[in-house]
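Structure first, then comments.
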Amino acid sequence: MIPGEKITLRALEKRDVEFLRALRNHPEMMPFHCSYMPVTEIQQEKWYERTATDTRNVVFMVEDPDGKAVGYVQMNGIDHKNRSVEIGIHLSPQAQGKGYGKDAFRTLMRFTFREMNMHRVFLQVFAFNERAVDLYKKLGFREEGRARDAIFQNGQYHDLVVMSILESEFESA
Ligand SMILES: CC(C)(COP(=O)(O)OP(=O)(O)OC[C@H]1O[C@@H](n2cnc3c(N)ncnc32)[C@H](O)[C@@H]1OP(=O)(O)O)[C@@H](O)C(=O)NCCC(=O)NCCS
């Protein structure tokens, strides 16, 4: 368990599989994923089997103050040589706007810098996702660049924004 101020991060468990599939397939959540196909039970189970033992790509569940799973954070491509990792977050629509996202991301950032000894934490966000971009800026992330028109969604192209924060910037944030 990794406690934050409001939320707690904990390991991914088999009991989370169906919640995560429902979250993934939720119509309000689909626009924030790169893949656009709804996920089947079998695909989700196979994803769980791979992810539960993966040490490079790690998922933590986000629990609210009542201990209820409300979403997840992830670390992709954990790179111990360059001390770099990509992170991401998805909270269920009912759990959004309560400060859980900020707390969960800050808790994960603290864990990556102060426990995993990472030097650089980065993320990719769709340019139209203003709420997320706003949050990341508040947490000290800076825009590194944009992959122009990299995302096609709802009949239009959108930029993919890459943002990062270094350990020295996190210490002073
Ligand atoms: C983006 C997300 C993680 C933010 O988490 P959250 O719990 O909803 O946000 P919080 O309540 O912690 O608010 C953090 C900041 O987000 C911004 N924010 C929150 N709700 C917002 C809204 N409705 N509109 C605009 N900005 C908003 C604010 O800047 C807020 O800062 P403040 O508390 O100082 O005002 C969450 O909404 C989510 O999971 N969204 C869907 C999936 C997604 O977009 N993931 C990111 C993919 S890159």
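Summary of values
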item: Residue in segment 120-135 that is surrounded by fewer than 18 Cβ atoms within 10 Å (Cβ to Cβ), over 28 Å from N25 (Cβ atoms), within 8 Å of the ligand (Cβ to nearest atom) and of a type outside the set (S, T, Y) present; result: no
item: Total residues in segment 17-41, condition away from the ligand (no atom under 16 Å from the Cβ) and either surrounded by 14 or more Cβ atoms within 10 Å (Cβ to Cβ) or not in a loop (DSSP other than H, G, I, E, B) (or both); result: 3
item: K102 vs. criteria more than 17 Å from F19 (Cβ to Cβ) and touching a Leu at 6+ places or on another chain (Cβ under 8 Å); result: yes
item: Any hit, segment 53-76, residues being more than 20 Å from T107 (Cβ to Cβ) and small (G, A, S); result: no
item: Residue check, T107 away from the ligand (no atom under 15 Å from the Cβ), among the β-branched types (V, I, T) and closer than 17 Å to L9 by Cβ; result: no
item: Set R114, R146: member being modelled with pLDDT of 95 or more, surrounded by fewer than 21 Cβ atoms within 10 Å (Cβ to Cβ) and within 17 Å of E5 (Cα to Cα); result: R114
item: Selection status of G71, in a strand (DSSP E or B), within 9 Å of the ligand (Cβ to nearest atom) and in contact with a Leu (Cβ under 9 Å, 6 or more places away or on another chain); result: yes
item: Cross-chain or 6+ apart pairs with Cβ under 8 Å, segment 129-152 first and on the phi > 0 side of the Ramachandran plot, then surrounded by fewer than 15 Cβ atoms within 10 Å (Cβ to Cβ); result: G140/A173; D149/Y157
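The values are calculated or read from the model by the stated rules, or taken from the named source; none is laboratory data. Bear in mind that the values here come from a model prediction, so they are computed numbers and not experimental data. No Cβ is skipped: glycine too gets one built from the backbone with ideal geometry, and neighbour counts run over all protein chains shown.
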